[in-house]
1. Keeping to the stretch 24-59, report how many residues are surrounded by fewer than 16 Cβ atoms within 10 Å (Cβ to Cβ) and basic (Lys, Arg).
2. Using beta carbons and a limit of 6 Å, which pairs, at least six apart or on different chains, have the first residue in the stretch 57-78 and more than 15 Å from Gln13 (Cβ to Cβ) and the second one more than 8 Å from ligand 2 (Cβ to nearest atom) and β-branched (Val, Ile, Thr)?
3. Which is outside the structural domain of Pro152 (by TED's automatic domain parsing), assigned to a helix (DSSP H, G or I), within 14 Å of ligand 1 (Cβ to nearest atom) and over 29 Å from Pro153 (Cβ atoms), of Met88, Met42?
4. Only one of Ala9, Ala26, Ala39 is hydrophobic (A, V, I, L, M, F, W, C) and more than 15 Å from ligand 2 (Cβ to nearest atom); which?
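The values are calculated or read from the model by the stated rules, or taken from the named source; none is laboratory data. Values in this document were obtained by computation on a predicted structure and should not be read as measured data. Cβ placement follows ideal geometry from the backbone for every residue including glycine, while neighbour counts extend to all protein chains displayed.
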Amino acid sequence: MDFRSEIEALSGQNTNLCFQCSKCSAGCPLGDKMDLKPAQVMHSIRLGREQAVLNSTAIWLCVGCETCSARCPQGVEPAAAINAARLMAMQQGVPPQIKEVDIYYRGFVDNMRLNGKIHDASVAGITQLLTGQLVENLPLAWKLFKRGRVKPPPLPFGGSDFRKVYRKSFEIEEGSAL
Ligand code: SF4
Ligand code: SF4
């Protein structure tokens with residue numbers, strides 16, 4: 001299956017419906033940080049520009065807010081197509097173009113695996129530590145803590161039931177035990 005067909009199958013989108021009005025790009029809150037705007041991602045998918053899409057910052061900066069999809073006059077969902085591209089990049093081992101996102105994703109999964117649920121402050125703290133931004137963000141963390149927005153981390157290894165589900169899903173998806 002070629003790149004475009006695979007993205008369309010994964011996302012349930014028909015890229016031919018996109019007539020490049022760029023309403024999606026105009027509404028995207030991260031658009032000015034992306035190398036390919038949502039409309040350009042759609043166009044690139046249609047042209048089969050696999051490497052350009054999978055190596056773009058756009059697929060890692062997208063926060064899944066769905067504004068692009070809500071604004072599309074054609075009923076196309078760029079958010080779904082971008083999500084499919086991100087999945088494909090992960091499956092192919094294409095490294096994320098944004099270092100912080102890669103570290104955040106790994107921290108998120110490790111946190112989930114350890115606790116059975118996410119402790120936001122731990123994930124954010126580890127990401128900032130590993131990207132060298134911890135010290136500059138300590139004043140903000142302290143403010144949040146004083147307002148009760150930073151909860152203490154849960155005791156580790158509290159998510160045994162979740163870990164079973166997690167492991168099983170990996171076994172099903174990858175056909176092998178962790
Ligand atoms: S809003 Fe819809 S039709 Fe317009 S460029 Fe974006 S995906 Fe294409
Ligand atoms: S879902 Fe992603 S691409 Fe769409 S508007 Fe939100 S951040 Fe931008």
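1. Total meeting the criteria: 1.
2. Thr57/Ile98; Trp60/Ile98; Trp60/Val101
3. Result: Met42 is the single residue among Met88, Met42 that is outside the structural domain of Pro152 (by TED's automatic domain parsing), assigned to a helix (DSSP H, G or I), within 14 Å of ligand 1 (Cβ to nearest atom) and over 29 Å from Pro153 (Cβ atoms).
4. On the way: Ala26 fails: more than 15 Å from ligand 2 (Cβ to nearest atom); Ala39 fails: more than 15 Å from ligand 2 (Cβ to nearest atom).
After ruling out the rest, the residue left standing is Ala9.
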